[in-house]
Each structure stands twice: as structure tokens, then as C-alpha cells.
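Trainee: Can you read through this structure? Questions will come right after.
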Amino acid sequence: MASATFEAAIDPSAQAARVRYIAGRVAVYAFLGVFALIYLLPLFVIVANSFRELPEIARNGLIAFPQSFSLKAWPQAWAHYCVAGTCEGIKRNFFNSLTMTIPATIFSTLLGAINGYVLSKWRFPGSEFIFACMTLGVFMPGQIALLPWAYILGAIGLSNSVYGLILVHVIQGISFTTLFCRNYYVNIPDDLIKAARIDGASFWRIFFKIVLPLSPPILIVTVIWQFTGIWNEYLFGVVFTGGRQQPITSALVALGSSNTINAHAYDVASCAVLIGAVPPLLIYLFGGKYFVRGLTQGAIK
């Protein structure tokens, strides 16, 4: 009796609205799920082929569920496979990328923080024009800078060198880091800086004691942005370096396009791609939420 009374009390229009809501949610999740599968398919293919044996890949094709499991391709990709004329795997290129990316990320972030601090809190005649010129670098394609950089690196003796790539990426990244930090520091109250100056704090003391302690959100954003961008960059690496000095992105392309030793070793190539993808994936895995949080804080302050 009570259940019948409860069912009678239910509004049919409310029931219909609930059904429409559930159907809409199911449709949205199904739509997103289909696209998620499409985006994850290449990753599945690479991971699966890295653990499949080469005869199985040749027999069943690249896109197939694994029927065998082997780890032989991993040490071969890391230390033995021939890439760009050297049979040392991609180990050297991996460490070249680390040697290039870590200092370039640190230096470009620090320079961007200092630039942002100056252009937001120590404004001077022409500072807005300088900021506009630096921001222009964000929209300039890297191909424009190839000839000037080739001349500069040759003149200072850093051509075909990882250190030359560090210099290139530090300078190229200053536009992004300055833009991020300047827009973030603008929201720091000017009264805070003025009070510190009245108390006798110097330029660097204000920067290290006041500005930097307020900077972790935007610094995390710039570090993640710079690290992934420099690690994945291909153009400068392939133009300014060769052979044993190349970063991992250039080595992977050389491995894929090589027609010398076993050009169709898809298992080894898949392992090499995954090894090259590990650092940026780890950065986003452990720092992705801080990246989004930093962007959000800078936007709503």
C-alpha cells in the first residue's frame, strides 16, 4: 500500500527528465570513450609490439593482439641497435637529451622569472615595448631562426654539440617563460613590493624573499612546459647536431628511416619510442595536476 502510494506520488515529467538525463550522460560517455580508444590505439600498438616477437609482427601485422611475450627487444633498443651509423642503441641519445633538457629548462625558467619580475614590478620607459618584442618570439616559427643560429653556433664553436642545443633552447624558451611569469607577477600587489623597498630591501632581496616564495605555481607550469617542449623538439636537434651528439628525437627518426640493418625491426623501434617517451610521461604523471592548478591560479588571481 505504501509503495503504491509512493509510486503514485512520483511526477511522470520528473521521471522522463531523469531518463533523458541518464541517456544524455550515457551518450556523452560513449562518445568520449570512442575517441579515447582512438587516441589510445597508437599507444596500445607501440606497447604491444615492444613485447611481441618480430616473426609474429611480420606474420600478423602491426595491429594485433599479442600472442607471444619477449623482452629481447628492450636491451637491444637501449644498447645494441644501430642508429645513424653507430651500434650503441639509443642510450647515448637518451642521455644527450637529459644533458640538454635539464639545464635548458632550469636556465630558461630562471631567466623568465627574472624578466617577468622586472617587466611587472620594476617598469621603466619602454618596458611594455620590450615585453611585446619578447612575446613576439612565442609566435615566431623556429625555422626562421635556423640560419642565424647556425652562424652563431659556428662562430662560437658550439656547432654539432649538446651545449649548443642548450644555448638554443634557453634563448628560444625565454619568450614563453617571460610571458608566463610576467602575467603571473602582475597580480602580486604592488603595495607589497613598495613596502619592501621602503624597508630598504634591494632588487634581489625582494626577488628572492618575496617574489620567488609566491612563484611555485607558475614555476611548475613553466618547468613542465619547457621540459616537455625541449625534450620533444626535433628540428634544432636534427639541423644542428649529428651522429653521437643527436638528442633522442633525432635518433628515433633516424632509426625509423634507416634502411641499413634490419630496417623493419618494429619490436626494437617500439621499445625505442617508449624509452624516449618515458621522461615527459613521468613529468605529466607526477606534475600534471600541478600544471593545471598553476594555470588556473594565474588565470583567476
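The values are calculated or read from the model by the stated rules, or taken from the named source; none is laboratory data. What you see is a predicted model, and the numbers here were worked out from it, not measured in a lab. Neighbour counts run over all protein chains shown; Cβ positions are idealised from the backbone, glycine included. Remember, those area values only see protein heavy atoms, side chains included, never the ligands or the DNA or RNA. Shrake-Rupley method; radii C 1.70, N 1.55, O 1.52, S 1.80 Å.
Trainee: Would you mention how many residues in the range 196-216 are open to solvent by less than 30 Å² (accessible area, probe 1.4 Å) and not in a helix (DSSP H, G or I)? Give the steps one after another, and end with the answer.
Mentor: Filtering the range 196-216 down to residues open to solvent by less than 30 Å² (accessible area, probe 1.4 Å) leaves 196, 201, 206-207, 211, 215.
The next check asks that each one be not in a helix (DSSP H, G or I); those that pass are 201, 215.
Of the residues in that region, 2 qualify.
Trainee: Scanning the range 107-116 for residues that are touching a residue at least 24 places away in the same chain (Cβ under 8 Å) and not aromatic (Phe, Trp, Tyr), which turns out most open to solvent (accessible area, probe 1.4 Å)? Talk me through it step by step, then tell me what you get.
Mentor: Applying the first criterion (touching a residue at least 24 places away in the same chain (Cβ under 8 Å)) to the range 107-116 yields 107-109, 111-116.
Now drop any that are not not aromatic (Phe, Trp, Tyr), which leaves 108-109, 111-116.
Values: Ser108: 0, Thr109: 10, Leu111: 71, Gly112: 0, Ala113: 2, Ile114: 47, Asn115: 43, Gly116: 0 Å².
Checked the range 107-116; the qualifying residue most open to solvent (accessible area, probe 1.4 Å) is Leu111.
Trainee: So, in the range 175-195, exactly how many residues are β-branched (Val, Ile, Thr), surrounded by fewer than 21 Cβ atoms within 10 Å (Cβ to Cβ) and in a helix (DSSP H, G or I)? Walk me through it before giving the result.
Mentor: So the first thing to find is which residues in the range 175-195 are β-branched (Val, Ile, Thr), and the list is 177-178, 186, 188, 193.
Subsequent filtering for residues that are surrounded by fewer than 21 Cβ atoms within 10 Å (Cβ to Cβ) retains 186, 188, 193.
Applying the additional criterion that residues be in a helix (DSSP H, G or I) yields 193.
Of the residues in the range 175-195, 1 are β-branched (Val, Ile, Thr), surrounded by fewer than 21 Cβ atoms within 10 Å (Cβ to Cβ) and in a helix (DSSP H, G or I).
Trainee: Now, a different point. If I go through the range 117-129 residue by residue, how many of them are at pLDDT below 90, open to solvent by less than 80 Å² (accessible area, probe 1.4 Å) and of a type outside the set (Ser, Thr, Tyr)?
Mentor: Qualifying residue count for the region: 3.
Trainee: Between a residue in the range 69-98 that is within 16 Å of Val273 (Cα to Cα) and of a type outside the set (S, T, N, Q) and any residue that is open to solvent by 60 Å² or more (accessible area, probe 1.4 Å) and in a loop (DSSP other than H, G, I, E, B), which pairs come within a Cβ distance under 6 Å, given they are 6 or more apart or on different chains?
Mentor: Filtered contacts from the range 69-98: Cys82/Ile261; Gly89/His80.
Trainee: Confirm whether Ile144 is aliphatic (A, V, I, L, M) and loosely packed, with under 12 Cβ neighbours inside 10 Å. So that I can check it myself, show each step before the final result.
Mentor: On the way: aliphatic (A, V, I, L, M): yes; loosely packed, with under 12 Cβ neighbours inside 10 Å: yes.
Answer is yes for this residue.
Trainee: Filtering the range 117-134 down to residues that are of a type in the set (Phe, Trp, Tyr) and in a helix (DSSP H, G or I), which residue is nearest to Gln172 (Cα to Cα)? If you could, list the steps in order and put the result at the bottom.
Mentor: Quick first cut of the range 117-134, residues of a type in the set (Phe, Trp, Tyr) only: 117, 122, 124, 129, 131.
Okay, now just the ones that are also in a helix (DSSP H, G or I), so 117, 129, 131.
Working: Tyr117: 19, Phe129: 19, Phe131: 15 Å.
By that ranking, first place goes to Phe131.
Trainee: Further question: Name the one entry in Gly256, Gly287, Gly229 that is part of a helix (DSSP H, G or I), within 18 Å of Thr109 (Cα to Cα) and at pLDDT below 80.
Mentor: On the way: Gly256 fails: within 18 Å of Thr109 (Cα to Cα); Gly229 fails: at pLDDT below 80.
Of the residues listed, the single one that is part of a helix (DSSP H, G or I), within 18 Å of Thr109 (Cα to Cα) and at pLDDT below 80 is Gly287.
Trainee: Just one of the numbered conditions (1) closer than 17 Å to Ala269 by Cα; (2) among the small types (Gly, Ala, Ser); (3) more than 24 Å from the chain's Cα centre (by Cα) is not true of Ser50; which one?
Mentor: That leaves (3) as the condition not met.
Trainee: Now for a separate question. Please enumerate the residues belonging to the range 117-146 that are among the aromatic types (Phe, Trp, Tyr) and free of Cβ contacts under 8 Å to residues at least 24 places away in the same chain.
Mentor: Going residue by residue through the range 117-146, those that are among the aromatic types (Phe, Trp, Tyr) are 117, 122, 124, 129, 131, 139.
Passing the criteria: Phe124, Phe129, Phe139.
Trainee: Can we say Ala58 is free of Cβ contacts under 8 Å to residues at least 40 places away in the same chain and hydrophobic (A, V, I, L, M, F, W, C)?
Mentor: On the way: free of Cβ contacts under 8 Å to residues at least 40 places away in the same chain: no; hydrophobic (A, V, I, L, M, F, W, C): yes.
Considered against the rule, which asks whether it is free of Cβ contacts under 8 Å to residues at least 40 places away in the same chain and hydrophobic (A, V, I, L, M, F, W, C), Ala58 comes out as no.
Trainee: Scanning the range 227-249 for residues that are among the polar types (S, T, N, Q) and farther than 16 Å from Val278 by Cα, which turns out most open to solvent (accessible area, probe 1.4 Å)?
Mentor: Here is the first cut: in the range 227-249, the ones among the polar types (S, T, N, Q) are 228, 232, 241, 245-246, 249.
Subset that is farther than 16 Å from Val278 by Cα: 241, 245-246.
On the way: Thr241: 10, Gln245: 65, Gln246: 18 Å².
Once the filter is applied, the top-ranked residue is Gln245.
Trainee: What tally of residues in the range 69-85 results from selecting those that are open to solvent by 30 Å² or more (accessible area, probe 1.4 Å) and outside any helix (DSSP H, G or I)?
Mentor: Looking only at that region, the number is 6.
This table checks each residue for (1) in contact with an Asp or Glu (Cβ under 8 Å, 6 or more places away or on another chain); (2) among the acidic types (Asp, Glu); (3) modelled with pLDDT of 90 or more; (4) not in a helix (DSSP H, G or I).
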site	(1), (2), (3), (4)
Asn115	no, no, yes, no
Met140	no, no, no, yes
Ile144	no, no, no, no
Leu165	no, no, yes, no
